[in-house]
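The values are calculated or read from the model by the stated rules, or taken from the named source; none is laboratory data. Everything quoted here is computed from the prediction, not taken from an experiment. In this analysis, Cβ positions are derived from the backbone assuming ideal geometry, glycine residues included, and neighbour counts consider all displayed protein chains. In case anyone asks, the SASA skips ligands and DNA or RNA and just uses the protein heavy atoms, side chains included. Shrake-Rupley method; radii C 1.70, N 1.55, O 1.52, S 1.80 Å.
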Amino acid sequence: MRYEGQIYRPPSEAYSYILQVTIGCSHNRCAFCNMYADKQFRIRSLKEVLEDLKMARRAYRYVERIFLADGDALIVKTDMLLEILQTIRRLFPECERITSYASARDLLIKSEEELKLLQKAGLDMVYLGLESGSERILKEIDKGVTVAETVEACRKAKAAGIRLSITQITGLGGQDGMEENARESARALSLIKPEYIGIMTLTLRRGTKMSRDFEAGRFKRLTPKQIVEEMRMLVAGLDSEGSILRSNHISNYVQLRGTLNRDRQMMLDQLDAALASGKLENEYISYLENL
Ligand code: SF4
């Protein structure tokens, strides 16, 4: 298969065939993110993408899931995306799920009609980073969209039948924004009510603005114990009936999995047990920070 640079995918796409539709991220400015820092954003040509699909068909006998990469593949024009989705349908009739990363902007620039066409052509779910439900924190990290825009983008996707997996980053507001990040993220997620909520923990990645701010003393990161306290505030504030909540990313100190609102207390008990264990006083999960 042909791939350019480091490939990222959500944990639940571990067994998917990954198809690079774009290279990098069109925004590429979030203060905490270095995933695509070394890539100049571009949309691959349709010819190249279709060639990759044919190569994958020859290489793999059975492909159950396909993930469209890189950062925000949904930025691609609807006509081209439809052609890619239709080719997937034709070449991989066994494929049960096609998913992609998407930014709120990608969803906002498409009409509801276009999103419905994409859903009908097989786009089942998009992964979107809310990061924080606080307008202030989103501005600080240069997310490039507001919370209100993200909520509206998610409403459009849902109206088109596209399922949502939304990520939130605990610790993103630092010590000063700990409560705000939890409270406002719970509020935004409760408005969106996505099918999946994924919690990640802030890691200070090399070369990012956030790691420079930390080194210079401008950003006060949370301790592992505070991270779990913030997660607890977030989970306690969520009202999102039916959403599956997971914190299965390797950045997390506590691995949660449950369905809201039914399992909220069970997850709170798990967080309380971690807080009472004394183990969180130890070290930061720092191996990610050298990536
Ligand atoms: S967090 Fe997402 S939108 Fe922001 S720079 Fe990284 S990939 Fe791009």
Residue that is farthest from Glu64 (Cα to Cα), among those in segment 106-156 that are in a helix (DSSP H, G or I), among the hydrophobic types (A, V, I, L, M, F, W, C) and away from the ligand (no atom under 16 Å from the Cβ): Ala148
Count of segment 67-94 residues which are within 22 Å of the chain's Cα centre (by Cα), outside any helix (DSSP H, G or I) and surrounded by fewer than 19 Cβ atoms within 10 Å (Cβ to Cβ): 1
Residue that is nearest to the ligand (Cβ to nearest atom) [pool: residues in segment 36-66 that are assigned to a loop (DSSP other than H, G, I, E, B) and either of a type in the set (S, T, N, Q) or open to solvent by less than 60 Å² (accessible area, probe 1.4 Å) (or both)]: Tyr36
Residue in segment 176-186 that is within 16 Å of the ligand (Cβ to nearest atom) and either open to solvent by 60 Å² or more (accessible area, probe 1.4 Å) or within 20 Å of Ala104 (Cα to Cα) (or both) present: yes
Pick from segment 8-35, criterion within 16 Å of the ligand (Cβ to nearest atom), open to solvent by 40 Å² or more (accessible area, probe 1.4 Å) and among the hydroxyl-bearing types (Ser, Thr, Tyr), ranking: farthest from the chain's Cα centre (by Cα): Ser26
Search result, residues across segment 157-174 that are assigned to a loop (DSSP other than H, G, I, E, B) and touching a helix residue (DSSP H, G or I) at 6+ places or on another chain (Cβ under 7 Å): Ala160, Gly161, Ile162, Gly171, Leu172, Gly173
Conditions (1) touching a residue at least 24 places away in the same chain (Cβ under 8 Å); (2) out of contact with any Phe, Trp or Tyr (no Cβ under 7 Å at 6 or more places or on another chain): number failed by Ser111: (1)
Lone unmet requirement of (1) crowded, with 17+ Cβ neighbours inside 10 Å; (2) more than 20 Å from Val254 (Cβ to Cβ) for Gly171: (2)
Selection within segment 222-247 - open to solvent by 40 Å² or more (accessible area, probe 1.4 Å) and assigned to a loop (DSSP other than H, G, I, E, B): Thr223, Asp239, Glu241, Gly242
Out of Thr208, Thr203, sole residue that is open to solvent by 10 Å² or more (accessible area, probe 1.4 Å) and among the β-branched types (Val, Ile, Thr): Thr203
